[in-house]
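Report on the structure given below.
The values are calculated or read from the model by the stated rules, or taken from the named source; none is laboratory data. A quick note: this is a predicted structure, and the numbers were derived from the prediction, not measured. Every residue, glycine as well, gets a Cβ built from its backbone with ideal geometry; the counts of neighbours run over all protein chains shown.
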Amino acid sequence: MQKHTFELELKVRDYECDIQGIVNNAVYQNYLEHTRHEFLIAAGSDFAGLNNEGINPVVYRIEIDYKYSLKSGDDFISVLNFEKQGNLKLIFNQEIYRKQDKKLIVKAKVIVVVLENSKPVKPDFIIEKLENYRKSIQ
């Protein structure tokens, strides 16, 4: 695992697994989203507060590569890095690793745009908070 801006440790719960005994593919999106939400909180903001101000970061596109499966009880680490793309897009490069052996489970690219009163806006104010967090951990 390389160095990441944010890491979150989680554990697979029984009900997240399908009949095959592995984490259902849709659940990985929940893990990725939860990691982004916790990252925003760590950076000094949160989705509820932003929403109350009429500001909503929304997923524009997501690409996920499923490399290996997690099973019930597995501990895992969800990590992310971020970058700005153009004037409106914020890219989250995210990965999930099984904690026990650091095996790559999922790799994802999540493209987010920020809407203010339902219109796209430059995400500079959010990027500033995220950059300040990144600087604080270096």
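Got a number for residues in the stretch 83-115 being small (Gly, Ala, Ser) and at pLDDT below 95?
1
Tell me which residues, restricted to the stretch 111-138, are among the hydroxyl-bearing types (Ser, Thr, Tyr) and exposed (fewer than 14 other Cβ atoms within 10 Å of the Cβ).
Matches in the stretch 111-138: Ser118, Ser136.
For the stretch 54-101, which positions are β-branched (Val, Ile, Thr) and more than 13 Å from the chain's Cα centre (by Cα)?
The one that is β-branched (Val, Ile, Thr) and more than 13 Å from the chain's Cα centre (by Cα): Ile55.
Going residue by residue through the stretch 9-17, is there one that turns out to be in contact with a strand residue (DSSP E or B) (Cβ under 6 Å, 6 or more places away or on another chain), at pLDDT 95 or above, under 17 Å from Arg134 (Cβ atoms) and not small (Gly, Ala, Ser)?
Scanning the stretch 9-17 turns up no residue that is in contact with a strand residue (DSSP E or B) (Cβ under 6 Å, 6 or more places away or on another chain), at pLDDT 95 or above, under 17 Å from Arg134 (Cβ atoms) and not small (Gly, Ala, Ser).
Could you check how many residues of the stretch 111-123 are assigned to a loop (DSSP other than H, G, I, E, B) and closer than 23 Å to Gly44 by Cβ? Before you say what the answer is, go through the steps one by one.
Initial filter on the stretch 111-123 (assigned to a loop (DSSP other than H, G, I, E, B)): 117-118, 122-123.
Subset that is closer than 23 Å to Gly44 by Cβ: 117, 122-123.
Residues meeting the conditions: 3.
Every residue in the stretch 76-104 that is touching a residue at least 40 places away in the same chain (Cβ under 8 Å) and of a type in the set (S, T, N, Q), please.
Ser78, Asn81, Gln94
Which of (1) assigned to a strand (DSSP E or B); (2) of a type outside the set (S, T, N, Q); (3) under 16 Å from Ala43 (Cβ atoms); (4) touching a residue at least 24 places away in the same chain (Cβ under 8 Å) is the odd one out, the single condition Ile126 does not satisfy?
The failed condition is (1).
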